[in-house]
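The structure appears right after this line, and notes come after that.
Bear in mind these aren't lab numbers, they're just calculated from the coordinates by the rules spelled out. On a predicted model such as this, the values are computed, not experimentally measured, just so you know. Note that we place each Cβ from the backbone using ideal geometry, even for glycine, and neighbour counts take in every protein chain shown.
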Amino acid sequence: AQKITQTQPGMFVQEKEAVTLDCTYDTSDPSYGLFWYKQPSSGEMIFLIYQGSYDQQNATEGRYSLNFQKARKSANLVISASQLGDSAMYFCAMREGGQGGGADGLTFGKGTHLIIQP
Amino acid sequence: DVKVTQSSRYLVKRTGEKVFLECVQDMDHENMFWYRQDPGLGLRLIYFSYDVKMKEKGDIPEGYSVSREKKERFSLILESASTNQTSMYLCASSFIVKPQHFGDGTRLSIL
């Protein structure tokens, strides 16, 4: 069974609009971490934001925020005031145990291709 | 800034060849990882290492091996390359409680 599900293969959004990228996850471990990465067409993976399962508040980093709904097991990424440079693939990922800290690798979703239109 | 450097951006090899992909990080991270990325499949973990000479299998280790002789260097080895190993390979590193930082990736084609 998939542990990370990103249901939107692609999205088109007008510049300056807010964007929500969906991510649901599946785990029985009460301690885990959720991560979002951006991958532009050049290929590098850029870390955006992290949410620990015990964190009381939703994570924010500049224009990025994570809408964490623990009971629903969802961790949607919200990008405010989108820019042309936000066009990229976006991946949601999870690591189980230790609030996401640890030596194990991440489990990734299949990604959402976001295109910002002028 | 963290720097994770992969030795090649593009690589073309023939089936049956032994292929080495090299990754070096400059931040003294304990953990290092190799993933492959295929369209529609996202990233999948091949191997990871939490210390020198230590290695653990990820989700898809078949056909691959790794080597970590020094803390900063983690090598992925394709013992006998096959066409189904054509893919984008991404190396990452991290401290235990920090997010992973990725290299720019190696696009490997096996002909």
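Counting pairs of alpha carbon atoms under 8 Å apart in space and at least six apart in sequence, what relative contact order in percent does chain B give?
Once divided by the residue count of chain B, the mean separation gives 36 percent.
Counting only pairs 8 or more places apart or on different chains, how many lysine pairs in chain A have C-alpha atoms closer than 24 Å?
10
Considering all alpha-carbon pairs of the protein assembly as shown, what whole percent are spaced by more than 32 angstrom?
18
Provide the gained length on full extension for the span B:Ser109 to B:Ser8, in nm with one decimal, where the gain is 0.36 nm per separating residue minus the Cα-Cα distance.
35.2 nm
Using +1 on the beta carbon of Lys and Arg, -1 on that of Asp and Glu, and nothing else charged, what's the dipole of the protein assembly as shown about the Cα centre, debye to 20? If you can, show how the numbers build up before the last one.
Values: 25 positive and 26 negative charges, 66 e Å.
About 320 debye.
Starting with the fewest neighbours, write out B:Met27, B:Met32 ranked by other beta-carbon atoms found within 10 Å of each beta-carbon.
Listed from fewest to most nearby Cβ atoms, that is B:Met27, B:Met32.
Suppose R0 equals 45 Å; then what is the FRET efficiency for A:Ile115 and B:Lys98 from their Cβ-Cβ distance, rounded to the nearest 0.05?
0.90
Could you run the Karplus curve 6.51 cos²θ - 1.76 cosθ + 1.60 with θ = phi - 60° over the range A:105-117 and give me ³J(HN,Hα) per residue in whole Hz, x for Gly and Pro?
Along the range A:105-117, the couplings run x, 8, 9, 9, x, 7, x, 10, 8, 9, 10, 9, 9 Hz.
Which residues in the range A:71-86 place their backbone N less than 17 Å from a point set 7 Å from the Cα of A:Thr7 along the Cα-to-Cβ direction?
A:71-78
In the range A:37-72, which trypsin sites (Lys or Arg not before Pro) fall in coil by DSSP and have 15 or fewer other Cβ atoms within 10 Å?
Taking the range A:37-72 and a limit of 15 other Cβ atoms within 10 Å, the loop trypsin sites (Lys or Arg not before Pro) found are A:Arg63, A:Lys70, A:Arg72.
Count neighbours as other Cβ atoms within 10 Å of each site's Cβ, and list the chymotrypsin sites (Phe, Trp or Tyr not before Pro) in the range A:6-108 that are DSSP loop with at most 16 such neighbours.
Here the chymotrypsin sites (Phe, Trp or Tyr not before Pro) that fit, given the DSSP loop and packing criteria, are A:Tyr54.
With viscosity set to 1.002 mPa s and temperature to 20 °C, compute the Stokes-Einstein D of the range A:1-50, Rh being the Kirkwood radius across alpha carbon pairs; µm²/s, no decimals.
160
Counting other Cβ atoms within 10 Å, which chymotrypsin sites (Phe, Trp or Tyr not before Pro) in the range B:66-107 have at most 15 and lie in a DSSP loop?
Sites meeting the loop and neighbour criteria: B:Phe95.
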